[in-house]
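Notes to accompany the following structure.
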Amino acid sequence: MHANLPPFLRRASRGPALVGMVHLHALPGSPRAAHSVQDICEHAASQAAILAGAGFDALLIENMHDVPYVLSPHPPCTVAAMTAAALRVREAAPGLPLGVQVLACGEREALAVALATGAHFIRCENFVFSHVADEGLLGPAAAGPLLRERANLGCEHIAVFADIKKKHAAHAITADVSIADAAHAAEFFGADGLIVTGQSTGQEASAADLAAVKSATGLPVAVGSGIMPANIARFAEADMLIVGSAIKHGGDWRHDIDPARCDELVRARDRCRAAKS
């Protein structure tokens with residue numbers, strides 16, 4: 001396992017780490033923007049505090065409300081607002097590792113935010129191979145430019161978690177590449193961890209895909225969609241479970257975080273860990 005992984009993943013043998021999504025309000029410059037940067041930051045901090053209090057293992061901030069998404073490069077106002085929000089989240093949940101994702105394909109911007117705020121990892125959508133997403137063609141693989149920039153910035157302690165066969169995308173271009181092959185390629189290209197998802201937000205991933213990826217590489221593997229209390233046991237072999245919809249009121253990612261739902265997920269995680277011990 002890579003030495004630069006956050007401590008919560010170095011202890012992954014005790015069972016999957018639970019990572020809560022903090023979906024920022026729409027940022028300045030995006031079509032649905034309706035809040036000041038200060039309000040965005042305070043809302044993010046309140047959501048992070050709920051997750052920390054419930055017992056989540058880590059947080060991941062994301063500009064999910066900036067729909068419709070555009071491909072990088074992203075404007076300075078996006079990077080500035082996400083940096084401000086990440087700093088406020090770290091203040092609200094100082095004991096939790098923090099990840100950053102900038103939609104869409106904003107892995108270099110996410111790296112800059114992580115570096116400026118002391119975050120621990122980023123999520124990269126197009127690390128290897130090309131595919132067609134709902135925001136357009138994700139052509140060049142990000143691995144080469146991203147890892148060169150990380151080395152040049154001297155921030156190789158920031159881990160890169162790479163989606164493979166990412167959600168909200170068609171994979172006809174790479175139909176002859178299995179998910180195990182994609183995982184092997186991402187490992188070869190230097191990813192620190194991998195993310196397996198369903199086809200869309202909130203859709204359950206395939207347990208078979210998780211098993212194939214775990215068998216194909218020695219990297220930590222996360223499940224990045226569709227996690228609920230009822231199915232956590234099915235994904236007990238994952239190193240990380242990223243949850244964004246099931247923690248929200250009504251199970252809808254567009255709503256605020258529901259403390260009761262958070263508590264239920266944490267209890268399910270604890271049962272999963274007890275079963276592995």
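Each reported figure results from applying straightforward, stated rules to the coordinates on display, with no laboratory input. Remember, predicted model here, so these are calculated numbers, not experimental data. Note that each Cβ is placed from the backbone with ideal geometry, even for glycine, and that neighbours are counted across all protein chains shown.
Summary table
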item: Sorted by Cβ density within 10 Å, fewest first, the residues 105, 124, 272, 77; result: 77, 272, 105, 124
item: Values of log10 I(q)/I(0), in the order q = 0.10, 0.23 Å⁻¹, for region 6-112 under a Debye, Cα-only, solvent-free model; result: -0.28, -1.21
item: Inter-label distance for residue 175 and residue 233, nm, one decimal - labels placed 7 Å from Cα along Cα-to-Cβ; result: 3.8
item: Label-to-label distance, nm, for residues given as residue 207 and residue 46 (7 Å Cα→Cβ offset); result: 3.9
item: Ranking of 195, 242 by count of other Cβ atoms within 10 Å, fewest first; result: 242, 195
item: Mean-position separation - Cα centroids, region 55-75 and region 160-238, in angstrom; result: 19
item: Peptide ranges 20-28, 174-182, 225-233 listed from the most packed, as the mean C-beta count within 10 angstrom indicates; result: 20-28, 225-233, 174-182
item: Partners for residue 166 among lysines (Cα-Cα distance below 19 Å; same-chain residues under 8 apart left out); result: 214
item: Ranked list, fewest to most other Cβ atoms within 10 Å of each Cβ, for 117, 78; result: 117, 78
item: Spin-label zone in region 170-203 - amide nitrogen under 11 Å from a point set 7 Å from the Cα of residue 215 along the C-beta vector; result: 180
item: Antiparallel %, DSSP beta bridges [both residues in region 101-219], to 5; result: 40
